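What follows is one structure encoded as structure tokens, with my remarks underneath.
Please treat every number below as a calculation from the coordinates, not as lab data. These numbers come from a predicted model, not from an experiment. Positions of Cβ are backbone-derived with ideal geometry, glycine not excepted, and every protein chain shown enters the neighbour counts.
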Amino acid sequence: MLALAIDIAFPVAGVDEITFGSTNFLNPPASTEKKGVVELATLAEASAGDTVRATTGAVVLAMIAAAIADALAAIGQTLDGIMSRTVYGSGLVKGGGDLTANRTFTVDAATAADVRAGTRTDMAVTPAALRDAGTVTFAENGWRVSSDGFVEIWGVSPARATEGPFSLQFDPPFPNACFGIVTMTRNLNQTVEGLTSIQEVGLFPDHADLFAQNHTNNLSEIGGFRWRAWGY
């Protein structure tokens with residue numbers, strides 16, 4: 001822009017009209033290379049991507065606020081969709097619910113009794129339960145429960161002073177049934193005389209009915225018998 005004072009003298013009096021040429025130099029349009037006059041864009045024009053008008057900070061701030069509002073509305077719609085969903089466990093997994101709160105999923109652990117029973121289908125078997133399900137007592141009189149439910153009980157019983165029927169109690173008893181029993185007479189003095197034979201009469205979860213038959217007249221030679229029973 002140029003402001004210039006000029007004195008003009010006209011050689012001929014009575015000038016009726018003075019004409020100037022283009023005055024664009026007095027009010028040039030602004031550009032990226034030149035300062036000048038601009039028109040300010042409205043919010044609608046700026047939002048539409050106007051490339052001629054200038055955008056003020058207030059309009060930019062309004063555009064940013066509008067963009068944030070639109071983004072928050074979209075996020076809210078997405079969250080509403082997520083929160084309306086419900087998640088539940090299946091199979092061994094239990095728990096769940098809608099997503100309006102924290103949810104916990106659990107898997108129940110089977111106990112040793114559950115493992116031995118072998119009937120539950122909604123629990124997980126842990127190494128500890130598998131170990132405990134196979135409980136064993138190592139002794140001359142002992143028992144063992146395998147993880148598949150198989151049970152063994154064994155012991156040593158004293159000699160029978162007389163022949164005839166008697167009952168052998170199982171401690172602990174079989175949970176369900178005893179399937180068989182074997183016996184072995186103890187010949188502690190290594191005698192060649194016939195000793196006592198133990199014969200099976202009946203089997204029950206808590207005892208076995210047996211029959212003792214002596215094959216020697218010297219009962220002092222009899223050292224009792226060992227036995228082993230099995231079942232589940």
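Run through every distinct alpha carbon pair of the chain and return the Kirkwood hydrodynamic radius in angstroms, one decimal place. Mind showing how you got there, number by number?
Details: mean 1/r = 0.0347 Å⁻¹.
Kirkwood radius, the chain: 28.8 Å.
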Centre separation in Å (Cα based) which lies between the range 27-56 and the range 128-188:
101 Å
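Would you mind telling me the antiparallel percentage of the DSSP bridges in the chain, rounded to 5? Don't skip to the end; give the middle numbers.
Working: 38 of 41 bridges.
DSSP beta bridges in the chain are roughly 95 percent antiparallel.
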In the chain, if the dipole is taken from +1 on Lys/Arg beta carbons and -1 on Asp/Glu beta carbons about the Cα centre, which of ALA124, VAL12, ALA46 is farthest to the positive end?
ALA124
Rounding to the nearest 20 debye, state how big the charge dipole of the range 24-82 is about its Cα centre with +1 on each Lys and Arg Cβ and -1 on each Asp and Glu Cβ.
280 debye
Stretched out fully, how many nm does the piece from ILE75 to THR106 gain, at 0.36 nm a residue minus the Cα gap?
8.1 nm
